[in-house]
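Asks: Shown below is the structure under consideration.
Please treat every number below as a calculation from the coordinates, not as lab data. Bear in mind the structure is a predicted one, so any value in this text is a computation, not a measurement. Cβ atoms come from the backbone with ideal geometry, glycine included; neighbour counts cover every protein chain shown.
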Ligand code: TNX
């Protein structure tokens, strides 16, 4: 390596616009010049590290057009190196912890696992300035401020949910959303795959679910579904971004599309017809029929086989057409089916009415008392309180998409709450993390999805990753403004809230 003599201008790592805000930042007031003479070297024995290096190179290329080689054998033309290393000597024990050490001529990223390295390169991506400095060297150079970042997540579960049932979203639309979530260090993508208005995943042993149940959506559109191959492709795509996909099949309510496909499933005693409206709570499986559980055994088996996530979400919400006794019986019969196929059950907070296993996870949306009950029983809780964390809630009365049954959620309100104290008496140890659900009654394409999700989903990313003591709206909103070039570069239709000084 022959290093050129460059007088780097001083840049200050402490003035970064990183979201989520990292645990610790120490600035050393110089710069690393990212240019065509930079190379990436990664650990090549531990799984996934090289792929993280390649992902970084791809993203650098997408932004700057420079080609940064990964793990090349000759270092001749190389002047500066980004090392991506495995290290167990990090302060935090989180598998997603990382440490970035940025100096003039090298960047060292240390992580326990490829997941940690992946989170670390998102930080690095966010530090690459929009524009190159063309005066320092013969070729354009992007100046990354030097210093040290030590970071780890506050919560191990940082999720976003998309309802692909009320309106269908294509594989490409879902991938675009996953890409954006990855940039903000999300690690879970929950897919709401079935509801009254549509069934969205191929089940080979019950083909009418997609031949009949998938052909509709809210408003009368054509609907759609993912073949098992497409679902596997989505799972792999998310996994490359160290995001786990949790599939949800909602039951025993929200099941009109399934019952329309196979009428023996229906338990509400009413004549079935296509449903393309937005009411909830009218449909139910018949909880007293063995054939219903045999059907569910097949559905869960087929999905579990193509879903590496340890979790399987059974919905369980708003089963107003199911008698309470039947509901409890149903949940207690489905839980062993989920277990039988090697998965941990997750369900919306209503499931805590049943006698559930302590390994089952309860997903809070509207009933703190059921979250508390579950926690007392040893279950972990995911927090998605509708009044704070629902991405489908309108910003205000002028919002062009969304609902407002739980609240209007302006951008500052989405950020200004503390998941750790939201449910009075819920111990932090019981909280797995937070999730921001996006129900799709009022949205049907990427532009509409993005209008509701951005910028609020960026704030939820910080609520999941950054400790409460480090969060502050004033400081956050300034960092949020600096996301605009990234959002524009990726053609994200974000909502320009008046509460943010976009400049
Ligand atoms: C409630 S939240 C629902 C969904 C709706 C949503 C709309 C939950 C578990 N159930 O069925 O789509 O409200 O905001």
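Asks: Give the share of C-alpha pairs in each 10 angstrom bin for the stretch 13-151, from 0 to the last occupied bin, in whole percents, shortest bins first.
Replies: 13, 46, 35, 6, 0
Asks: Which of rounded, prolate or oblate describes the stretch 107-146 when judged by the alpha-carbon gyration tensor and an a/c cut-off of 1.5?
Replies: It is prolate, given that a/c is not under 1.5 and a/b is the larger ratio.
Asks: Something else about it: Find the Cα radius of gyration of the stretch 252-391, compare it with 2.2 N^0.38 Å by division, and give the number to two decimals.
Replies: Compactness ratio reported: 1.03.
Asks: What angle do you read, to the nearest 10 degrees and between 0 and 90, between the alpha-carbon axis of helix 228-240 and the longest principal axis of the chain?
Replies: The helix 228-240 is inclined about 40 degrees to the chain.
Asks: For the stretch 203-251 and the stretch 423-471, compute the distance between their C-alpha centroids and round to whole Å.
Replies: Taking the Cα centre of each part, the stretch 203-251 and the stretch 423-471 sit 23 Å apart.
Asks: Give me 492, 52, 481 sorted ascending by neighbouring Cβ count inside 10 Å, so fewest comes first. Show your work: numbers first, answer last.
Replies: On the way: 492 21, 52 27, 481 14.
Fewest to most other Cβ atoms nearby, the residues stand as 481, 492, 52.
Asks: Would you compute, from DSSP H runs of 4+ residues alone, the mean residue ellipticity of the chain at 222 nm, taking -39500 (n - 2.57) per run and dividing by the full residue count, rounded to the nearest 500?
Replies: -9000 deg cm²/dmol
Asks: What whole-number value in cubic angstrom gives the convex hull volume per residue for the C-alpha atoms of the stretch 116-188? Please report the intermediate quantities before stating the final value.
Replies: Values: hull volume 9.3 nm³, N = 73.
Convex hull volume per residue, Cα atoms: 128 Å³.
Asks: Over the Cα atoms, compute the radius of gyration (one decimal) and Dmax (the largest Cα-Cα distance, rounded to a whole number) for the stretch 391-503, in Å.
Replies: Final numbers for Rg and Dmax: 14.5, 43 Å.
Asks: Pulled fully out, how much extra length does the chain show between residue 293 and residue 499, if you take 0.36 nm times their separation in residues and subtract their Cα-Cα distance?
Replies: That works out to 69.2 nm of additional length.
Asks: What order, most packed first, do the peptides 365-371, 455-461, 131-137 have when packing is the mean number of other Cβ atoms within 10 Å of each residue?
Replies: Descending packing order for the listed peptides: 455-461, 365-371, 131-137.
Asks: Hey, could you pull the Cα Rg and Dmax for the chain, both in Å?
Replies: 23.8, 81
Asks: Which of rounded, prolate or oblate describes the stretch 112-255 when judged by the alpha-carbon gyration tensor and an a/c cut-off of 1.5? Don't skip to the answer; put the middle values down first.
Replies: On the way: a/c = 3.22, a/b = 2.30, b/c = 1.40.
Prolate shape, in that a/c is at least 1.5 and a/b is the bigger ratio.
Asks: Arranged from highest to lowest average of other beta-carbon atoms within 10 Å per residue, in what order do the peptides 316-325, 302-311, 111-120 appear?
Replies: Descending packing order for the listed peptides: 111-120, 316-325, 302-311.
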